[in-house]
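Bear in mind that the values in this text are calculations on the coordinates, not laboratory data. Note that the structure is a prediction, hence the values are computed from the model and not measured. Because the Cβ atoms are built from the backbone with ideal geometry, glycine has one as well, and the counts that use them run over all protein chains shown.
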Amino acid sequence: MKLSVLIPVYNEEMTIGELIERVARVEAGAIEMEIIVANDGSTDASAQIIEAHRALHAELIRTCSMPINLGKGAAIRLGLHHAQGDVILIQDADLELDPNEYGKLLQPILEGKTKVVYGSRFLNARQQGIPLRTRLANRFLTTLTNLLFGTRLTDMETAYKVFRREVLQGVRLRCVHFDFEPEITGQLAKRGHRIVEVPISYNPRRAEEGKKISWVDGIEAIYTLLRVRFSK
């Protein structure tokens, strides 16, 4: 089995270098791993940092980039085009999530229990530092997802989404921003894929530290959930 770790990046010069090194150090056992870094038109030093680390791990890392910033969804779609793994794992470029937890994210897939795994920040008994606004927004969007698609999720907006490549066959992804999260969730649920959640740790950062998601993204998420649910 080959694992593709897909890292979308936009202006993450403060964290992308350390994140790449953390991912490169992950012990994957018998699983072959590749790292796909998709640079979404960064205007800071992210591109130079990515290239420096690619040179250090040339056998492990491949890069792709867009000339302008389009959004997280667009970067993920670009990365998916280049990924060669049997299993895809999406990893944000910040340091909010811990790559050392790949093992438990992959376990339900390796055991044949499911083809899709989400890492839930809200199944973890230790939820320190998660802002109330984040909790409420996520609860609303996750509840709406469950009502529309009959799922039983606790964290639809999680960045840690892991899936076997074949689940995307016939799935047309259109979103280019953070609405990628509800779009892929709705598409997979409509096709009957069981999404298994596992608890993950979470180290949230603030807007002044580079957090990019806003209330506008919440409105886009609602629209996307409704569009996917009621489209043919």
Trypsin sites (Lys or Arg not before Pro) restricted to the range 81-138 and DSSP loop, no more than 11 other C-beta within 10 Å: Lys113, Arg126
The chain: C-alpha gyration tensor shape, a/c 1.5 cut-off, then a/b vs b/c: rounded
Spin-label pair Asn124/Arg227, simplified geometry with 7 Å Cα→Cβ offset, distance in nm: 3.1
Alpha-carbon centroids, the range 143-210 and the range 1-62: separation in whole Å: 22
Global form of the range 68-146, assessed from the alpha-carbon gyration tensor, a/c cut-off 1.5: oblate
Estimated inter-spin distance, Thr143 and Thr114, nm [label 7 Å along Cα→Cβ]: 2.2
Efficiency of FRET between His57 and Asp98 - r from beta-carbon atoms, R0 22 angstrom, step 0.05: 0.70
Of the DSSP H helices in the chain, those whose Cα atoms cover at least 20 Å axially and whose Kyte score averages -1.0 or more: 132-149, 215-230
Per-peptide average of other Cβ atoms within 10 Å, ordering 78-84, 22-28, 185-191 highest first: 185-191, 78-84, 22-28
